[in-house]
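Here the structure is laid out as structure tokens; the discussion comes afterwards.
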Amino acid sequence: MFEFSVIGGKTARDIIGRSRKQIVEEVRATYLAHEDGDSVNPNSYFLRFPDKPDSRIIALPAYLGGEYDVAGIKWISSFPGNIENKVPRASAALLLNDYATGYPFACLEASQISAARTAASAVLAAEELTGRRTAARVTVVGAGIIARNILEFFKAQEWDFGDLVIHDQVPAYAQAFTEYATAELGYAAHIEADLRTAVRGADLVVFATTAGEPYVLDEDFFTPGQTVLNISLRDIGPEIVVGAQNILDDIGHCMTANTSPHLAEQKYGHRDFVDGTLAQVIRGQVEIATDRPVIFSPFGLGVLDLAVGSLVHRSARESGEAVEIPDFFGETRRW
């Protein structure tokens with residue numbers, strides 16, 4: 001009852017690396033449990049700084065029922081300025097709590113967990129929205145850690161790409177990502193410096209940037225039949241959103257924090273452009289459009305962190321990779 005363990009980032013990434021297929025299935029099951037109300041997922045809480053307006057630390061508390069029966073909170077920072085110093089933008093910790101007693105039982109380095117659940121969500125959405133695991137042309141916008149994880153999950157799910165196009169504003173990042181995709185994952189990747197050219201003709205477009213506000217604004221930027229994974233949430237202007245079919249992970253959560261769907265709601269005064277959730281797509285309750293672009297916008301639910309974090313914790317305990325902290329709690333008897 002009073003055990004407490006710590007799981008570091010290297011251990012978490014090693015476990016994730018050998019569990020990607022399972023993680024996709026965990027994410028699928030969690031979306032369905034959340035749709036059924038077997039979860040508690042309050043709004044995220046944003047800590048912002050007056051002298052660093054582009055930086056924030058976010059608290060994501062949640063409870064996931066069913067076979068998990070676990071509560072917890074992810075505390076994740078996003079400091080885009082880190083990139084200039086060649087340090088990852090995001091860092092995070094995840095605390096897991098026993099539902100019966102409320103006692104925390106594990107602390108995990110969570111940037112790996114957060115990236116994995118984001119990537120698994122993206123790849124699951126690609127499969128559900130397209131009905132396949134092949135694409136003649138895939139364009140990835142943004143060549144950072146999230147993009148790398150998404151591509152790793154595509155590979156784990158055995159996706160076949162005819163052509164992989166990489167676009168990033170920093171040529172060195174695009175080059176490094178292209179080399180990794182080619183040498184490590186076996187995809188035929190190349191760089192395209194012009195964004196519109198990169199996106200033109202792509203079956204699947206993935207946005208994984210650090211953009212704080214929309215810069216893709218032309219209403220004809222995407223074409224009917226294109227599937228757009230709006231993972232970074234703020235690249236696409238409201239004029240495009242309102243003309244597309246929009247699938248969200250959670251409507252209430254996505255309509256906050258000036259995401260692309262939220263900006264569309266603010267501009268047009270309604271949510272009529274939202275067609276449903278990914279869970280509804282999985283269950284066949286939403287038919288995918290062919291006469292307009294399809295945009296998936298996932299705000300990122302804390303329950304997904306709990307599901308993936310629980311898997312990592314369980315695996316680390318079973319393999320002996322978790323670091324146990326004896327006597328973490330100073331008092332375990334009331335008297």
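Readers should treat all values here as calculations from the given coordinates under stated rules, not as data from a laboratory. Because the structure is a prediction, the values reported are computed rather than measured. Counting neighbours? That spans all protein chains shown, and the Cβs are built from the backbone with ideal geometry, glycine included.
Among rounded, prolate and oblate, which fits the range 227-267 when a ≥ b ≥ c are the square roots of the eigenvalues of its C-alpha gyration tensor, a/c under 1.5 means rounded, and a/b larger than b/c means prolate? Judged from the Cα gyration tensor, the range 227-267 comes out rounded (a/c under 1.5). Counting 0.36 nm for each residue step from Arg133 to Ile191 and taking away their Cα separation leaves a gain of 18.6 nm.
Modelling each spin label as a point 7 Å along the Cα-to-Cβ direction, I'd like the Ile288/Ile83 distance in nm, to one decimal. Between Ile288 and Ile83, the label points sit 2.9 nm apart. Under the combined filter of DSSP loop state and at most 16 neighbouring Cβ atoms within 10 Å, the range 1-94 retains these GluC sites (Glu not before Pro): Glu3, Glu67. Among the GluC sites (Glu not before Pro) in the range 296-332, those placed in a DSSP loop whose Cβ has at most 12 other Cβ atoms within 10 Å are Glu331.
For the range 61-102, applying the loop criterion from DSSP together with a ceiling of 14 other beta carbons within 10 Å to the trypsin sites (Lys or Arg not before Pro) yields Lys86.
The angle separating the long axis of helix 111-130 from the principal Cα axis of greatest extent in the chain is about 40 degrees. The long axis of helix 20-35 is offset from the longest Cα principal axis of the chain by roughly 90 degrees.
For Lys52, the lysines whose Cα falls under 19 Å of its own Cα, not counting residues fewer than eight places away in the same chain, are Lys86. With both labels modelled 7 Å from their Cα along Cα-to-Cβ, the Glu219 to Asp54 distance reads 3.1 nm.
Considering only Arg48, Arg28, Arg292, the mean-square fluctuation computed in a Gaussian network model of the chain, springs between alpha carbons under 10 angstrom, is largest for Arg48.
Summing Cβ point charges (Lys, Arg +1; Asp, Glu -1) relative to the Cα centre of the chain gives a dipole of roughly 500 debye.
If only the Cβ of Lys and Arg carry +1 and only the Cβ of Asp and Glu carry -1, the dipole of the range 1-63 around its Cα centre is close to 400 debye.
Taking the centroid of alpha carbons for each part, the range 138-191 and the range 91-112 are 31 Å apart.
Using only helices, what value at 222 nm comes out for the chain when you add -39,500 (n - 2.57) per DSSP H run of length 4 or more and divide by the total residues, to the nearest 500 deg cm²/dmol?
Values: 11 runs with 116 residues, N = 335.
For the chain, the value works out to -10500 deg cm²/dmol.
When the square roots of the Cα gyration tensor eigenvalues are ordered a ≥ b ≥ c, the ratio a/c for the range 100-180 is 1.5 or more and a/b does not exceed b/c, which makes its shape oblate.
Principal-axis analysis of the Cα atoms of the chain puts helix 145-156 at an angle of about 90° to the longest axis. For the range 167-318, just say rounded, prolate or oblate: build the C-alpha gyration tensor, square-root its eigenvalues into a ≥ b ≥ c, call rounded for a/c under 1.5, and beyond that prolate if a/b exceeds b/c, oblate if not. Oblate, because a/c is 1.5 or more while a/b does not exceed b/c.
Applied to the range 65-82, the Karplus parametrisation 6.51 cos²θ - 1.76 cosθ + 1.60 on θ = phi - 60° returns per-residue 3J(HN,Hα) values of x, x, 5, 7, 6, 9, 10, x, 8, 9, 10, 10, 9, 10, 10, x, x, 4 Hz, with x for Gly and Pro. With contacts taken as Cα pairs under 8 Å at a separation of at least 6 residues, the chain carries a relative contact order of 21 percent. Would you kindly give the portion of the calculated P(r) for the chain that falls above 33 Å, as a percent of all Cα pairs? Every Cα pair in the chain considered, those over 33 Å come to 25 percent.
Nearest 5 is fine: what % of DSSP beta bridges in the chain come out antiparallel, could you say? Each step should come with its number before you reach the end.
On the way: 32 of 64 bridges.
Expressed as a percentage, antiparallel bridges in the chain total about 50.
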